[in-house]
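Asker: Pasting in a structure now, in structure tokens, and then I'll have a few things to ask.
The values are calculated or read from the model by the stated rules, or taken from the named source; none is laboratory data. The structure presented is a predicted model; accordingly, all values stated were derived computationally and were not measured. Cβ sites come from the backbone with ideal geometry, for glycine too, and all protein chains shown count toward neighbours.
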Ligand code: GLU
């Protein structure tokens, strides 16, 4: 097996657009230059938004771009029990807790806290409950069938890892949004007690991504800077689950002429639309700076 394994991991929630093409070409080209491999992974744990048609379109669009990848392609929705086992491991170690609070209740609780961190780079930072739910209260809410989310307790993680908690480092070969590069101290507190699973979806992007990167032997995580802060959490999850630690290479986000990020709403910039308008794969490469 080669020493350089990266991946492109789209979610089939829409057609791929120029931003995805940039990300895919960045990962596939890096693997080629390094004499390594780029895997394709389908991140479809959100079964309400992902569709088989969009998955088929991913294969079609990437093949049209001239890319190919090892088979079989890992599809996350085929592996829910594995993610559940990883979550169970955290639960057994007392590192996650059931949170029954609604978004509104969380916002109110944060508002009441004297030194609340407020908004972090990934939105509202939930620093954890003022007071943990008692076993009786929890049993009662479960018996009522109330909806809950599994949150990672940073307080418990800190206790479990001791001095290691503040010394978790990840290597950035690319660049974070503020030009971060080199060895970086992971700061999961920037994100707070994040949701790692929901009652109905037994996992999350974070859990499934970290689990799969390790399982698939990924040595380089190449992805957009929009996921830079997720890396601070992923590094912690790797420490908690004793997983190997890859090197990260975050890349800039492609923007249009007005500096706006490409998004699903830009229908005309889907690879399908550009292909139908007569654009060639080489022209796409040139357009995103991979000519
Ligand atoms: N599935 C994620 C997305 O489409 C990418 C995850 C990753 O590269 O870590 O944004």
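Asker: Taking region 76-89, which residues are within 30 Å of residue 29 (Cα to Cα) and surrounded by fewer than 15 Cβ atoms within 10 Å (Cβ to Cβ)?
Answerer: Result: 78, single match.
Asker: Check 98, 75, 89, 85 and return the single one that is within 14 Å of the ligand (Cβ to nearest atom), more than 26 Å from residue 283 (Cβ to Cβ) and modelled with pLDDT of 95 or more. Before the answer, list the steps.
Answerer: Numbers: 98 fails: within 14 Å of the ligand (Cβ to nearest atom); 89 fails: within 14 Å of the ligand (Cβ to nearest atom); 85 fails: within 14 Å of the ligand (Cβ to nearest atom).
After ruling out the rest, the residue left standing is 75.
Asker: Quickly run through region 125-184 and pick out the residues that are at positive phi and under 26 Å from the mean Cα position of the chain (by Cα).
Answerer: Here is the first cut: in region 125-184, the ones at positive phi are 128, 145, 162, 179, 182.
Scanning region 125-184 gives 128, 162, 179, 182.
Asker: Please pick out the residue among 197, 107 that is more than 20 Å from residue 244 (Cα to Cα) and touching a residue at least 60 places away in the same chain (Cβ under 8 Å).
Answerer: Values: 107 fails: touching a residue at least 60 places away in the same chain (Cβ under 8 Å).
The unique qualifying residue is 197.
Asker: Would you point out which residue out of 233, 243, 254 is surrounded by fewer than 18 Cβ atoms within 10 Å (Cβ to Cβ) and within 22 Å of the chain's Cα centre (by Cα)?
Answerer: Details: 233 fails: surrounded by fewer than 18 Cβ atoms within 10 Å (Cβ to Cβ); 254 fails: surrounded by fewer than 18 Cβ atoms within 10 Å (Cβ to Cβ).
Every option except 243 fails the conditions.
Asker: Could you please find all residues in region 40-64 being under 22 Å from residue 289 (Cα atoms) and buried (at least 21 other Cβ atoms within 10 Å of the Cβ)?
Answerer: 40, 58, 61, 62
Asker: Turning to a different aspect of this structure: Report the residue count in region 186-220 for those that are assigned to a loop (DSSP other than H, G, I, E, B), buried (at least 17 other Cβ atoms within 10 Å of the Cβ) and away from the ligand (no atom under 16 Å from the Cβ).
Answerer: 2
Asker: I've got another one for you. Restricting the search to region 10-19, which residues are out of contact with any helix residue (DSSP H, G or I) (no Cβ under 7 Å at 6 or more places or on another chain) and near the ligand (Cβ under 8 Å from one of its atoms)? Break it down stepwise before answering.
Answerer: Going residue by residue through region 10-19, those that are out of contact with any helix residue (DSSP H, G or I) (no Cβ under 7 Å at 6 or more places or on another chain) are 11, 19.
Once the filter is applied, which keeps residues that are out of contact with any helix residue (DSSP H, G or I) (no Cβ under 7 Å at 6 or more places or on another chain) and near the ligand (Cβ under 8 Å from one of its atoms), region 10-19 yields only 11.
Asker: Give me a count of the residues in region 221-235 that are under 14 Å from residue 208 (Cα atoms), more than 11 Å from the ligand (Cβ to nearest atom) and either touching a helix residue (DSSP H, G or I) at 6+ places or on another chain (Cβ under 6 Å) or free of Cβ contacts under 8 Å to residues at least 40 places away in the same chain (or both).
Answerer: 1
Asker: Follow-up. Restricting attention to region 33-48, does a residue exist that is part of a helix (DSSP H, G or I) and either within 10 Å of the ligand (Cβ to nearest atom) or modelled with pLDDT of 95 or more (or both)?
Answerer: Let us first name the residues in region 33-48 that are part of a helix (DSSP H, G or I), namely 33-34.
Now restrict to residues that are either within 10 Å of the ligand (Cβ to nearest atom) or modelled with pLDDT of 95 or more (or both): 33-34.
Yes.
Asker: List the helices (runs of 4 or more DSSP H) inside region 63-181, counting only whole elements, that have at least 1 residues being in contact with a strand residue (DSSP E or B) (Cβ under 7 Å, 6 or more places away or on another chain) and more than 24 Å from residue 248 (Cβ to Cβ). Lay out the reasoning, then the answer.
Answerer: Values: elements: 80-92, 103-112, 135-143, 154-161.
In region 63-181, the matching helices (runs of 4 or more DSSP H) lie at 103-112, 135-143.
Asker: Could you list, in sequence order, the residues of region 243-265 that are within 16 Å of residue 23 (Cβ to Cβ) and either assigned to a loop (DSSP other than H, G, I, E, B) or in contact (Cβ under 8 Å) with a residue 24 or more places away in the chain (or both)? So that I can check it myself, show each step before the final result.
Answerer: At the first step, the residues of region 243-265 found to be within 16 Å of residue 23 (Cβ to Cβ) are 248-256, 261-264.
Hits for region 243-265 are 248, 249, 250, 251, 252, 253, 254, 256, 261, 262, 263, 264.
Asker: Still on this model: State yes or no: is residue 28 under 17 Å from residue 221 (Cβ atoms), touching a strand residue (DSSP E or B) at 6+ places or on another chain (Cβ under 7 Å), within 10 Å of the ligand (Cβ to nearest atom) and touching a residue at least 24 places away in the same chain (Cβ under 8 Å)? Quick ask: steps written out before the conclusion?
Answerer: Details: under 17 Å from residue 221 (Cβ atoms): yes; touching a strand residue (DSSP E or B) at 6+ places or on another chain (Cβ under 7 Å): yes; within 10 Å of the ligand (Cβ to nearest atom): no; touching a residue at least 24 places away in the same chain (Cβ under 8 Å): yes.
Against the criterion (under 17 Å from residue 221 (Cβ atoms), touching a strand residue (DSSP E or B) at 6+ places or on another chain (Cβ under 7 Å), within 10 Å of the ligand (Cβ to nearest atom) and touching a residue at least 24 places away in the same chain (Cβ under 8 Å)), residue 28 does not qualify.
Asker: Say whether the condition of being closer than 30 Å to residue 64 by Cβ, in a loop (DSSP other than H, G, I, E, B) and touching a residue at least 24 places away in the same chain (Cβ under 8 Å) is met by at least one residue in region 266-285. Full working, then the answer.
Answerer: So the first thing to find is which residues in region 266-285 are closer than 30 Å to residue 64 by Cβ, and the list is 266-285.
If we keep only those that are in a loop (DSSP other than H, G, I, E, B) too, we end up with 266, 277-280.
Next, only the ones that are touching a residue at least 24 places away in the same chain (Cβ under 8 Å) stay: 266.
Looking for residues that are closer than 30 Å to residue 64 by Cβ, in a loop (DSSP other than H, G, I, E, B) and touching a residue at least 24 places away in the same chain (Cβ under 8 Å), one finds at least one in region 266-285, hence yes.
Asker: Going through 48, 63 one at a time, which residue ends up being closer than 22 Å to residue 226 by Cβ, without any contact (Cβ under 8 Å) to a residue 24 or more places away in the chain and out of contact with any helix residue (DSSP H, G or I) (no Cβ under 8 Å at 6 or more places or on another chain)? Please lay out each step first, then the result.
Answerer: Details: 63 fails: closer than 22 Å to residue 226 by Cβ.
That would be 48, the only listed residue that is closer than 22 Å to residue 226 by Cβ, without any contact (Cβ under 8 Å) to a residue 24 or more places away in the chain and out of contact with any helix residue (DSSP H, G or I) (no Cβ under 8 Å at 6 or more places or on another chain).
Asker: In contact with a helix residue (DSSP H, G or I) (Cβ under 7 Å, 6 or more places away or on another chain), away from the ligand (no atom under 12 Å from the Cβ), modelled with pLDDT of 95 or more and within 22 Å of residue 36 (Cα to Cα), is that true of residue 245? Talk me through it step by step, then tell me what you get.
Answerer: On the way: in contact with a helix residue (DSSP H, G or I) (Cβ under 7 Å, 6 or more places away or on another chain): yes; away from the ligand (no atom under 12 Å from the Cβ): yes; modelled with pLDDT of 95 or more: yes; within 22 Å of residue 36 (Cα to Cα): yes.
Answer is yes for this residue.
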